[in-house]
Amino acid sequence: MAFSCLNHRLLMQGKKRTLGENITLSASEKTGQCNYALNTEDSHSEPSSSCLQDEEMDVPEVVEEIIEMLLTGLRDTDTVVRWSAAKGIGRITSCLTSALSEEVLSSALELFSPGEGDGSWHGGCLALAELARRGLLLPISLPKVVPVVVKALHYDIRRGPHSVGSHVRDAAAYVCWAFGRAYYHKDMRNILDQLAAHLLTVACYDREVNCRRAAAAAFQENVGRQGSYPHGIDIVNTADYFSLSSRVNSYVHVAVSIAQYEGYLYPFVDELLYSKICHWDKGLRELAAEALSALVKYDPDYFSNYALEKIIPCTLSSDLCMRHGATLAAGELVLALHRCDYALSADKQKRVAGVVLAIEKARLYRGKGGEIMRSAVSRFIECVSISSVSLPEKIKRSLLDTLNENLRHPNSQIQDAAVNALKHFVQAYLVAASVGRTGDITSKYLELLTDPNVAVRRGSALAIGVLPRELFAHRWKDVLLKLCTCCAIEDNPDDRDAEARVNAVKGLVSVCEALAQEKEHSGIDTVEDDMSLFLLIKDEIMMTLLKALDDYSVDNRGDVGSWVREAAMDGLERCTYILCKRDSVGLTGRSGQIDSVLELQNSDDSNQLYSLFDANLATSIVGGICKQAVEKMDKLREAAAKVLQRILYNKIAYVPHIPHRKKLEEIVPNKADLKWGVPAFSYPRFVQLLQFGCFSRSVLSGLVISIGGLQDYLRKASLTALLEYLQVVESEDQKERSREYMLSTDMLWVLQRYGRCDRVIVPALKTIEILFSKQILLSMEAHTLVFCTGVLDSLEVELKGSRDFSKLYAGIAILGYIASVSESINTRAFSHLLSFLGHRYPKIRKASAEQVYLVLLQNGGLVAEDKIEKALEIISETCWEGDLEAAKIRRLELYDMAGLDTDILRKASSRVSNKDDSRKPTADENASYSSLVESSGF
């Protein structure tokens, strides 16, 4: 409508120009206030008719109403409406005079008032971008537009637990991009100087990746179109599209690289101090503190005299975000200044030392945000300790109490932060000052290892692991044995805590490394007392860690024992290196990297009697790790494979006495980025270890859990790998039978070793059922009888009184397969199978009847030939899910037909009935709820 009203004016104002006239137009006349250039020939005689007509142009009222509607549309809640309104304003303004265009611009700038919402700011930025892109925003208007755009670049309004404004900042970057395309260099010379620092601040420090990339694109556009700019090309190459995709990389690397150029350091610091360390996002505050410390190297005096002075008072701010970010930033600045060899004055050190006491005095740990403040304070103490800030004795005791209190906190992040701080605090302020006064710290933490509070046990175990070796040099044996006890599963179920055991394992290994390092640096290698530590590691520590590999504790969170097993594998690896380094010292007379691995390999057998790390220990460690490498958790399989890879190929400490090392190196090659977590990749490799007796039982005990587990993808991959392993035919035919024979022997060992442990027995029975269904383990000639006998012995124990349906189903299926073979053992299996026809669970009776029917069809020798039809008729016509007594009668008939002894069955039934009669209460007409209801008249 607006165009229909303005088109006739445009046609009247149109003017023909020749090519020569256009060429003679100067650049200044093109960018003048008049939308139509003056004719150079007629410039002294008369003004351009178009310019005159523009100034006298009358705009219809309907056009004014439409413009007003479009300006209102810039405030709309829908982004599409705001975008369309901005487009419309740009197109209509292009048909107006310069004076009217200024009025439209003034109306658009009113959208940036403080009382307007984020939608108005976004719509205003879109309108400004359209005006600038079309050349309708005159250079003389830029001084009043640029300050508004700068505010929009930093627009971020807090609303509850989040903020709004990313779309406004994105649109503001679009305005800056339009500036670069619309104006000449001489018009943008001063403007670009104002915008460059703000654009790069947004490009480096904005929370949203789209805003960072938009600001970088606007800066790149201006650098490319506005001519030479100091270090412009270098900055564009540093802050490119891909480098800004990561927020961490933008803060820590890109911004630090740009800050080296003049004019950017102090705007960056101001942005971090005033906007980012008080940001609502906790992760962003932590990143801002780190980014602030990374800039210290450019001007330490400024950060010490200005930034640090500005931050310390903010640690007591009433705003949680501000005091949390300020506490983190203060610690990081102190640490960064220390690393720059900048010495703080005594007054500043005193102010820094009093930060934690002031926070505690203000009781800022209480209420909302107390947990994140505890983490921030722990990090602050860590930074102060590393920097060796001078602290009075009173403050030292207070900070130690603060760390001890944080160690007791149930939040694991707070405990980890406290442990990291304690490690440096003790070394800086307690050990260096007085060793004698620190002995009670170790005793205190040892006592807390048995505290009823699980959080206290967790923190104490971690704390012992980071204490310097000087604190327990004289009682290291007590410390190690106490930690070994804490690694075991607690006897009282109420006291069991997986995290406490994980921390005990970590602390145990850390103490071992600290003590071994002390022995290594002491230079005493021949004293017998010096060997007691390494013997204790071999006999006690290693056994404790191997037992931790069998921690399969489960709670409402799932397999929490996997955390202990993962920590135990890491501990076994580190303790292995301790023992091997000690052996290498005894063999070569020096420590460090092995110069001749071949020499150690050749001396394995001759020195095994005198080595701390022998073949038995190596077999146990490798076997335990390989077991984890074939179990059901992808994360653990990958971790186990990587641990084994590092043990096999370690260059610092060669690990000797590993059985079948060449085969292991073929299975686990020394290559990076292998997909050990993918079942189809890992299982075909590790299943090859079943051919070695030293590893086969451990591997099979983990493999059956995957084959008989619930995950379908895992079951298919592991079963396929096992079947391919069994089907490999080597040079002789006996090779295949030997693999099957070894598998059957190991399977019997698994059934005996894990008897009554449903975690292993149920998947093991399912695995046997699957193998029987594929006619594996049933054609081993004489050994089939031995294997089936062992399986039946195990089933008699496992199925007796069991209420686990999956175990009962698997056991019944196995009995059916064994009863179908032609061996003499089939009668025993058939008798056991018939006993389930009288089971208390109807579904079990039905499943047993189905198996009995299949057995009779496959093996007619179990029942006389003249009775086989009658037996099949009883099985097929009886309702096994019906009355139990009727099912038991039918079962007795089948026993008679099969010629089995029924006396034992009758005696067992009578005992059960007598037991039920003894439990049955005396009849009382008023004893039941139904009699009460009937007496009430219902």
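Is the stretch 683-694 home to any residue that is part of a helix (DSSP H, G or I), out of contact with any Leu (no Cβ under 6 Å at 6 or more places or on another chain), modelled with pLDDT under 95 and aromatic (F, W, Y)? No, the conditions are met nowhere in the stretch 683-694.
Residue by residue through the stretch 226-274, note down the ones that are touching a residue at least 60 places away in the same chain (Cβ under 8 Å) and buried (at least 18 other Cβ atoms within 10 Å of the Cβ).
First, pick out the residues of the stretch 226-274 that are touching a residue at least 60 places away in the same chain (Cβ under 8 Å): 263-264, 267-268, 271-272.
Correct list: Y264, F268, E271, L272.
Against the criterion of being more than 20 Å from S806 (Cα to Cα), of a type outside the set (K, R), at pLDDT 95 or above and in a helix (DSSP H, G or I), S738 does not qualify. If only residues of the stretch 291-308 that are touching a helix residue (DSSP H, G or I) at 6+ places or on another chain (Cβ under 8 Å) and more than 25 Å from D206 (Cβ to Cβ) are counted, the one that is surrounded by the fewest Cβ atoms within 10 Å (Cβ to Cβ) is P300.
Based on what the data block shows, is G702 assigned to a helix (DSSP H, G or I) and out of contact with any strand residue (DSSP E or B) (no Cβ under 6 Å at 6 or more places or on another chain)?
In short, yes.
All of A864, A886 fail the test of being assigned by the TED database to the domain that holds V760, open to solvent by 40 Å² or more (accessible area, probe 1.4 Å) and at pLDDT below 90, apart from A864.
Screening the stretch 754-777 for residues that are more than 15 Å from Y817 (Cα to Cα) and of a type in the set (K, R) and picking the one that is surrounded by the fewest Cβ atoms within 10 Å (Cβ to Cβ) gives R756. Of all residue pairs spaced 6 or more apart or on separate chains, those with beta-carbon atoms under 8 Å, a first member in the stretch 357-369 that is loosely packed, with under 13 Cβ neighbours inside 10 Å and a second member that is in a helix (DSSP H, G or I) are K368/L320.
Per the listing K632, K642, K651, the residue uniquely within 22 Å of the chain's Cα centre (by Cα) and at pLDDT below 95 is K632. Among the residues of the stretch 73-127, which ones are of a type in the set (D, E, K, R) and either within 17 Å of V175 (Cα to Cα) or buried (at least 19 other Cβ atoms within 10 Å of the Cβ) (or both)? R82, K87, R91, E110, D118 - these are the residues of the stretch 73-127 that are of a type in the set (D, E, K, R) and either within 17 Å of V175 (Cα to Cα) or buried (at least 19 other Cβ atoms within 10 Å of the Cβ) (or both).
Taking the criterion of being closer than 11 Å to N406 by Cα and in a loop (DSSP other than H, G, I, E, B), the only residue of the stretch 359-384 that qualifies is Y365.
For every residue, the table says whether it meets (1) open to solvent by 60 Å² or more (accessible area, probe 1.4 Å); (2) more than 20 Å from K846 (Cα to Cα); (3) among the polar types (S, T, N, Q).
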site: S744; (1), (2), (3): no, yes, yes
site: L748; (1), (2), (3): no, yes, no
site: Q752; (1), (2), (3): yes, yes, yes
site: H783; (1), (2), (3): no, yes, no
site: G801; (1), (2), (3): yes, no, no
site: Y809; (1), (2), (3): yes, no, no
site: Y817; (1), (2), (3): yes, no, no
site: H832; (1), (2), (3): no, no, no
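Please count how many residues of the stretch 531-578 are within 20 Å of I647 (Cβ to Cβ), of a type in the set (D, E, K, R) and not in a helix (DSSP H, G or I). Selection size over the stretch 531-578: 1.
The values are calculated or read from the model by the stated rules, or taken from the named source; none is laboratory data. This one's a predicted model, so the numbers in the text were calculated from it and none came from an experiment. In this analysis, Cβ positions are derived from the backbone assuming ideal geometry, glycine residues included, and neighbour counts consider all displayed protein chains. The protein model used for the area step is the full one, side chains on, heavy atoms only, and it has no ligands, DNA or RNA in it. Shrake-Rupley method; radii C 1.70, N 1.55, O 1.52, S 1.80 Å.
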